[in-house]
Amino acid sequence: MKRLFIISAFLMSGAAIISCSNDDSTINVEVPVAPPSSDTVTPEPEPQPISKMVGVWKAETLSYSFTIPGQPEQTHEFPFDHASLKQGCGTDYLTVLQGTTASLKQNNKNTAGVCEDVTLGGTWTESNITISGESAPREVVSVNANQLVLKYSMTYSGRTTDVNVTYSKQ
């Protein structure tokens, strides 16, 4: 009987060892997660193209042409350096902002004969610039990275003519 008792005790101790093991059928393994790299690139919104029109433009030259009375077939062009037309005042600056806003800063003599700045607001598109207080928009004749040419109508001494103003980008 002693022998049976020892065998039973031995078998029970084996069962106790087996029953103490982990009964879960799943294995938990921790996988380290790397922190975000500084090389990670966050996509930026697609940039909007900036028009060649956007910028500050200085009036450089002005020219106009008209038919001389008695010579209907002949048209004469008269170019002028813009500063020479300003009677000692500063030249004009046109500012075109991204969007549709524009402004024209003119420096003209007031009634007292003193040069003063006047800034007129306006709007623009790729084909014209409209300045507040003017009867018609100024047409964009050409534009590149350095030069802008605008055309508008002017009436002087009862005659209407087209005026071209050439601006340089500042």
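Laboratory data are not the source of any read-out in this text; all were calculated from the coordinates shown. Everything quoted here is computed from the prediction, not taken from an experiment. Heads up, the Cβs are rebuilt from the backbone with ideal geometry, glycines too, and the neighbour counts pull from every protein chain shown.
Can you tell me how many residues in the stretch 153-167 are surrounded by 14 or more Cβ atoms within 10 Å (Cβ to Cβ) and either more than 14 Å from SER63 (Cβ to Cβ) or more than 26 Å from the chain's Cα centre (by Cα) (or both)? Full working, then the answer.
Residues of the stretch 153-167 that are surrounded by 14 or more Cβ atoms within 10 Å (Cβ to Cβ), as a first pass: 153, 161-167.
Narrowing further to those that are either more than 14 Å from SER63 (Cβ to Cβ) or more than 26 Å from the chain's Cα centre (by Cα) (or both): 153, 161-164.
Of the residues in the stretch 153-167, 5 are surrounded by 14 or more Cβ atoms within 10 Å (Cβ to Cβ) and either more than 14 Å from SER63 (Cβ to Cβ) or more than 26 Å from the chain's Cα centre (by Cα) (or both).
Among the residues of the stretch 113-129, not a single one is loosely packed, with under 12 Cβ neighbours inside 10 Å, within 16 Å of SER51 (Cα to Cα), out of contact with any helix residue (DSSP H, G or I) (no Cβ under 8 Å at 6 or more places or on another chain) and of a type in the set (A, V, I, L, M). Checking the stretch 136-144 against the condition returns a match, with at least one residue being over 17 Å from the mean Cα position of the chain (by Cα) and not in a strand (DSSP E or B).
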